[in-house]
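A quick write-up on the structure given underneath.
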């Protein structure tokens, strides 16, 4: 009797639902595509940072102006580093979800969804930080702009 109940539970679980598996498989393919594209764009961003640091510093010295291109390039590298975190979570989710569907491994399902949760958590926290910075800039800049008027 207990074995029969376990089979019924297993058949009704989300992992054995064909429609859910199909949707997750398609999601994992698109996620992997977007993650790889994210890695490529990070590479371009780092390359742009290096060109900014090295190339424009020579142009600034030739023009006789001390433009701080090093700091601009460093900001690009920091942005690429921040972007690495969500892209990696997305890539891990995609790879683990595809493997979980192919092997029907519950631990891979759990790990894949853990990465998806981490992706959303990071994105949410990052959004809160950026909105807070915008609010802080408004609180500081608005009175200054009114005083200089």
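Each value in this text was obtained by applying a stated rule to the coordinates, not by laboratory testing. Since the structure is predicted, the reported quantities are computational estimates derived from the model, not experimental observations. Counting neighbours? That spans all protein chains shown, and the Cβs are built from the backbone with ideal geometry, glycine included.
Tabulated results
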{"read-out": "Count - residues of region 90-115 that are touching a helix residue (DSSP H, G or I) at 6+ places or on another chain (Cβ under 6 Å) and closer than 14 Å to residue 29 by Cα", "value": "12"}
{"read-out": "Filter result (buried (at least 16 other Cβ atoms within 10 Å of the Cβ) and without any contact (Cβ under 8 Å) to a residue 60 or more places away in the chain) within region 23-38", "value": "35, 38"}
